[in-house]
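See structure below.
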Amino acid sequence: MTPCTESAFPETLDIEDVPIPESELSRREFLAVSGVVTAGLVAGLPRVAVAQTSKSTPQTFPVSLSINKQTHQLTVDTRTTLLDLLRENLDLTGSKKGCDHGQCGACTVLIDGRRVNSCLTLAVTAQGAEITTIEGLGDEQNLSPMQKSFLDHDGFQCGYCTPGQICSATALIEETRRGALSRTSFETGKISHPEMTDDEIRERMSGNICRCGAYPNIVAAVRALTSTGGAA
Ligand code: FES
Ligand code: FES
């Protein structure tokens, strides 16, 4: 058996020393191909390695978005989230960026009346829909019923989560009117227009995190309007 010596298996091999038949492949072509293949083998992902050799260019797309009843004609990078568009392009900074991963609800807005995490929504996909942000629900002189209820029940502390909480709670009222069900509805067996108990409210608001722990007052604010059908 041949001993494993340095002379039998050199640690390094100079590519220039590798003999290549001129008729099969030029040295320049061989070096170009071997570089890509080696990178791919090292990564264990040859296809990815090859794909990385081509540069990706941002794609832009013209969109017409209706936000708070105003039409905005924009050309956006197709990768732009609705949250970034609102905050960075339109200066609508009421919607907050908490986690940017769909886990905290700080970015909640309404699309056609349904609550969505705008950090997980590509702006181009919202074309043709009516988008409502916290700015569109009301203002200082004309608060929406849910904004007023949060004030009346002291449903916040630092206020960072509050725009998302209010948008979410506003949609919750509509869901209640439609008789939409939650996991709690099935657990309690009340699957036809369930009563909005505190458990129902907590379950339905569970996508909105409050780091200040203002939950008891948030539930009280929502409860006050579910019992009146959304009227202040
Ligand atoms: Fe969108 Fe947290 S920022 S869910
Ligand atoms: Fe501070 Fe909710 S009021 S995070």
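The values are calculated or read from the model by the stated rules, or taken from the named source; none is laboratory data. What you see is a predicted model; the values in this text were computed from it and never measured. When we count neighbours, we look across all protein chains shown, and the Cβ atoms used for this are built from the backbone with ideal geometry, even at glycine.
Summary table
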| item | result |
| --- | --- |
| Selected residue [within 16 Å of ligand 1 (Cβ to nearest atom) and free of Cβ contacts under 8 Å to residues at least 40 places away in the same chain] from Ser168, Ser206, Ser192 | Ser206 |
| Residue match in the stretch 212-220 (condition: touching a residue at least 12 places away in the same chain (Cβ under 8 Å) and among the polar types (S, T, N, Q)) | yes |
| When residues of the stretch 192-210 are limited to those that are at pLDDT 95 or above and among the polar types (S, T, N, Q), the one farthest from ligand 2 (Cβ to nearest atom) | Thr197 |
| Qualifying positions in the stretch 104-122 - more than 11 Å from the chain's Cα centre (by Cα) and not in a loop (DSSP other than H, G, I, E, B) | Val109, Leu110, Ile111, Arg114, Arg115 |
| Checklist (1) farther than 19 Å from Pro216 by Cα; (2) touching a residue at least 40 places away in the same chain (Cβ under 8 Å); (3) within 16 Å of ligand 1 (Cβ to nearest atom); (4) buried (at least 20 other Cβ atoms within 10 Å of the Cβ) applied to Cys119, failing item | (2) |
| Search result, residues across the stretch 98-110 that are in contact with a helix residue (DSSP H, G or I) (Cβ under 6 Å, 6 or more places away or on another chain) and either within 7 Å of ligand 1 (Cβ to nearest atom) or at pLDDT below 95 (or both) | Asp100, Gly102, Gly105, Ala106, Cys107 |
| Contacts under 6 angstrom Cβ, first residue in the stretch 151-164 being acidic (Asp, Glu), partner at pLDDT 95 or above and more than 8 Å from ligand 2 (Cβ to nearest atom), 6 or more apart | Asp154/Asn217 |
| Helices (runs of 4 or more DSSP H) enclosed by the stretch 148-229 - at least 3 residues per element that are more than 16 Å from Thr108 (Cβ to Cβ) and charged (D, E, K, R) | 198-204 |
| Test: Arg183 is within 25 Å of His101 (Cβ to Cβ) and surrounded by fewer than 19 Cβ atoms within 10 Å (Cβ to Cβ) | yes |
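Conditions (1) in the same structural domain as Glu88 (by TED's automatic domain parsing); (2) within 16 Å of ligand 2 (Cβ to nearest atom), marked per residue:
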position	(1), (2)
Thr121	yes, no
Leu143	no, no
Ser149	no, yes
Tyr160	no, yes
Thr176	no, no
Gly179	no, no
Lys190	no, no
Cys212	no, yes
